[in-house]
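Worksheet for the structure shown next.
The values are calculated or read from the model by the stated rules, or taken from the named source; none is laboratory data. Computed from a prediction, not measured in an experiment: that's the story for all the values here. Heads up, the Cβs are rebuilt from the backbone with ideal geometry, glycines too, and the neighbour counts pull from every protein chain shown.
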Amino acid sequence: MEEVQKIRTACRSCHGGCGVIAHVKDGRLLKVEPDPDSPISEGTLCSKALAIKQLVYHPKRITSPLKKVDGKWAKVSWDEALDTITEKFKRIIEESGPEAICIGQGTGRDYESFLYRFANLLGTPNVITAGHMCYVSRIGACLVTCGNLPVCDYDGEPALVMVWGNNAPWTNPDEYKGVKLLKTLQKGAKLITVDPRRVYLAERADIHLQLRPGTDAALALGMLHVILEERLYDEEFVSSYVHGWEEFRARVAHWPLDKVEAITWIPREKIVSAARLYAKTKPACIQWGVPIEQTLNCTDSNRLLVALMAVTGNLDVKGGNVFFVPPPVRTVTEVALHKALPKEKKEKMLGADENKLAARVALVSPKHVWDAILKGKPYKVRGMLLCGTNPVVTRANSREVYEALSQVEFLATIDFFLTPTAELGHVFLPAATWIEQDYVGDFWKRHGYVVARRKCITVGECKQDHEIFMLLGKRMGQTQWWNTMEEALDYMLEPSGLKWSDFKEMGYLKGKMEYQKYLTKGFSTPTGKVELYCTTFEKWGYDPLPTYREIPESPYSTPELMDKYPYILTTGQRIPVFFHAANRQIPWLREIRPEPICEIHPDTASRHGIKNGDWVWISSPRGRIKQRAKVTDIVDPRVIAAEHGWWYPEMEAPGYGFDVSNVNILTDNDPAHYDKPMGATNLRVLICNIEKCEEGD
Ligand code: SF4
């Protein structure tokens, strides 16, 4: 019997990258505890990490490759599973070209660059991720506006934080865990929150702006209106570093406060107070979340938040929103080999003519892929490889997704469990969790760190995603792969002069921070300035100035539907124990949140005879689902807030109840309604009605 080993690693049950100490004995995980020395999580862990042992050793976890034979899953060897995929993909490429294969992922288990390397070497431009409406859309909008993603500089001690569409202590966003925000507030920073729900942070805020869901861009324009009219902007920064100031001023002038109040439902006095407080308190940062990206205003909402940072002089200054300097390791672009994809293949990317910003950041809005499968337009997608994603539950218009994945000629998936998506496939490859892999973690992030994720245990025949792409790539004849994972990690670390064997003992690397880089280098945009008038968008034929467009389904754009669907439904808020569609089968986590919850204001609930805990039908023009009512005044009486990601692993295969409580049965993916540059769908805002479920429903 060996001693208990304590191995320092980094969690990846969400994007946090929190520091973990794994206790391992005789090759078995005993428990995990927080790493007090982690600069990311500072000695904290959430329930998802603490429950990792239940995921790792879950009785229903798939730990060997599967292949469907006569409609039933059968265990096969890795060789047979990989050969099956390889043969099928080679045939599709020969007959229809590599673009007939689509590679996809969800929010990612930190393997994006390996997935892209595989796709690029395969020659397909068709990669779907969550990026069209989550995080990558923010990066895309920032790249064309200011050249990089501005992130809150909590270590620089902001005097004010404006938390916009984000509930960081609850959801732990990409660059930071909520712990940094909470510590900043404990030190006395002021707080403005922008959220349709009056959550914990809103309760302790100096000002809470409870806006109508989806109207963030209008609110930002209103705040800018105040800042410009009252000359609260940083004149020196604006005159030296902003491109298109006069055009931008003219655009903002079209958004007087009476108009903004009518759109956002926020009293004008509150907008004025928030604008003044944000503009006058220095330094100030904006902690922004993905809700603003999940509407047709995706790109412009992002551009307008950057505008707020820029005009108030809070961009790349200590304590503001900064461009962190990454540690000296390979970039995502280098590892992903984006340059290896031939130009003629890039031109075949689905939807590239329409969603030019999505094409720039190398992804396809999924609706184009469903259309290509179901209608063969502009060409047929015949094969798919989906890694760590459950689009049947997580993408807009679930029924269409289900139909498309049922009809695609060949589907292989890589995951931990059979899900409603994986069940539609032909081959299943078992993935290793974060505690079963070696990796240079989070090198794609923009918070200035990379972390060492270390293999602490092995489980069954599971392989880490990176290795799976490497093995498949080699079988497909791709030569630009490494022989071992260690070689790959050494390559990633090469610019730092470190080897994996050194780095894994160090735990993390931090880039050397430098503020106000624009003073010497300008901004990485075509004009070298913050482009409030976007020259790239002008070239692409989009509006170069940001604006607000009314949500496609709302009391203002579809008044004729409001009798039937009188409420605004907002969805997608994260649940701390789950990560989107993941973890519903983990006992400790499911015990905390056994059923889906929809929040209903007491006045609304009483109008429908609904009591706390009742099952409620929620219907939209596309269908109906049921969730449990939580009667609460944290939402406006005109708004219903429903959870996303729900399926029931305990229900019968193959669907596992994906259509019972899954909010994407209700959402819309009509291209006429999405954000043109990115192809972002209106996941966050639609219209609905509610009705109490009857006995037996
Ligand atoms: S916040 Fe995310 S990365 Fe951190 S412990 Fe929780 S699941 Fe892991």
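Applying the criterion of being of a type in the set (S, T, N, Q) and modelled with pLDDT of 95 or more to the residues of region 138-183, the residue that is surrounded by the most Cβ atoms within 10 Å (Cβ to Cβ) is Thr145.
Conditions (1) under 24 Å from Arg453 (Cα atoms); (2) among the small types (Gly, Ala, Ser); (3) exposed (fewer than 14 other Cβ atoms within 10 Å of the Cβ), marked per residue:
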{"position": "Tyr491", "(1), (2), (3)": "yes, no, no"}
{"position": "Met506", "(1), (2), (3)": "yes, no, yes"}
{"position": "Phe523", "(1), (2), (3)": "no, no, no"}
{"position": "Trp540", "(1), (2), (3)": "no, no, no"}
{"position": "Arg593", "(1), (2), (3)": "no, no, no"}
{"position": "Pro596", "(1), (2), (3)": "no, no, no"}
{"position": "Glu599", "(1), (2), (3)": "no, no, no"}
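Counting only strands (runs of 3 or more DSSP E) that fall entirely inside region 602-697 and contain at least 3 residues that are among the basic types (Lys, Arg) and surrounded by fewer than 23 Cβ atoms within 10 Å (Cβ to Cβ), the qualifying elements are 623-631. Of the residues in region 63-83, at least one is among the hydrophobic types (A, V, I, L, M, F, W, C), in the same structural domain as Gln407 (by TED's automatic domain parsing) and in a loop (DSSP other than H, G, I, E, B). When each of Thr44, Thr63 is tested for being within 10 Å of the ligand (Cβ to nearest atom), touching a strand residue (DSSP E or B) at 6+ places or on another chain (Cβ under 8 Å) and not acidic (Asp, Glu), the lone residue that passes is Thr44.
Quick check on region 553-597: of everything there that is under 22 Å from the mean Cα position of the chain (by Cα), assigned to a loop (DSSP other than H, G, I, E, B) and more than 20 Å from Phe416 (Cβ to Cβ), which residue is nearest to the ligand (Cβ to nearest atom)? Of everything passing the filter in region 553-597, Gln573 is nearest to the ligand (Cβ to nearest atom).
Any residue that is in a loop (DSSP other than H, G, I, E, B), without any contact (Cβ under 8 Å) to a residue 60 or more places away in the chain and at negative phi - is there at least one of those in region 45-56? Within region 45-56 (the criterion being in a loop (DSSP other than H, G, I, E, B), without any contact (Cβ under 8 Å) to a residue 60 or more places away in the chain and at negative phi), the answer is yes, since at least one residue qualifies. Can you confirm whether Thr331 is of a type in the set (Ser, Thr, Tyr) and farther than 30 Å from Tyr508 by Cβ? Against the criterion (of a type in the set (Ser, Thr, Tyr) and farther than 30 Å from Tyr508 by Cβ), Thr331 does not qualify. Mind checking whether some residue in region 8-16 is over 21 Å from Gln437 (Cβ atoms), within 11 Å of the ligand (Cβ to nearest atom) and in contact (Cβ under 8 Å) with a residue 24 or more places away in the chain? Taking every residue of region 8-16 in turn, none turns out to be over 21 Å from Gln437 (Cβ atoms), within 11 Å of the ligand (Cβ to nearest atom) and in contact (Cβ under 8 Å) with a residue 24 or more places away in the chain.
Taking Pro36 as the residue in question, decide whether it is in contact with a Lys or Arg (Cβ under 9 Å, 6 or more places away or on another chain) and away from the ligand (no atom under 13 Å from the Cβ). No: the conditions fail for Pro36. Beta carbons closer than 7 Å, at least 6 apart along the sequence or on distinct chains, pair a first residue in region 270-290 that is more than 18 Å from Leu304 (Cα to Cα) with a second that is outside any helix (DSSP H, G or I) and of a type in the set (Val, Ile, Thr) for Lys270/Ile207; Ser273/Ile207; Pro283/Val317. Scanning region 192-217 for residues that are within 18 Å of Val272 (Cβ to Cβ) and touching a His at 6+ places or on another chain (Cβ under 9 Å) yields Ile192, Thr193, Val194.
Matching residues to (1) in contact with a helix residue (DSSP H, G or I) (Cβ under 9 Å, 6 or more places away or on another chain); (2) surrounded by fewer than 20 Cβ atoms within 10 Å (Cβ to Cβ):
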residue	(1), (2)
Leu532	yes, no
Thr535	yes, yes
Glu560	no, yes
Thr571	yes, no
Ile586	yes, no
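Tyr556 falls short on exactly one of the conditions (1) out of contact with any Cys (no Cβ under 6 Å at 6 or more places or on another chain); (2) aromatic (Phe, Trp, Tyr); (3) closer than 30 Å to Trp245 by Cα, and that condition is (3).
Please tell me if Tyr111 is among the aromatic types (Phe, Trp, Tyr) and within 16 Å of the ligand (Cβ to nearest atom). So Tyr111 fits the description; yes.
The number of residues in region 262-282 being closer than 14 Å to Ala159 by Cα and aromatic (Phe, Trp, Tyr) comes to 1. The listed residues are Lys53, Lys25, Lys31, and the only one of them that is more than 15 Å from the ligand (Cβ to nearest atom) and surrounded by fewer than 21 Cβ atoms within 10 Å (Cβ to Cβ) turns out to be Lys25. Lys75 passes every criterion in (1) under 26 Å from Phe578 (Cβ atoms); (2) away from the ligand (no atom under 16 Å from the Cβ) apart from (1). Screening region 354-471 for helices (runs of 4 or more DSSP H) wholly inside it with 1 or more residues that are buried (at least 24 other Cβ atoms within 10 Å of the Cβ) and of a type in the set (Ser, Thr, Tyr) returns the ranges 391-394, 398-407.
Quick check on my filter: what residues within region 57-94 are free of Cβ contacts under 8 Å to residues at least 24 places away in the same chain, closer than 30 Å to Val32 by Cβ and surrounded by 13 or more Cβ atoms within 10 Å (Cβ to Cβ)? Residue satisfying the conditions is Lys75 alone. No other residue among Pro327, Pro291, Pro342 is touching a Lys or Arg at 6+ places or on another chain (Cβ under 9 Å) and surrounded by fewer than 24 Cβ atoms within 10 Å (Cβ to Cβ) apart from Pro327.
Cβ-Cβ under 7 Å, sequence separation 6+ or interchain: first residue in region 116-131 and of a type in the set (A, V, I, L, M), partner part of a helix (DSSP H, G or I). Which pairs? Correct list of pairs: Leu121/Ala340; Leu121/Gly473; Leu122/Pro98; Val127/Tyr116; Val127/Ala119; Ile128/Pro366; Ile128/Val369.
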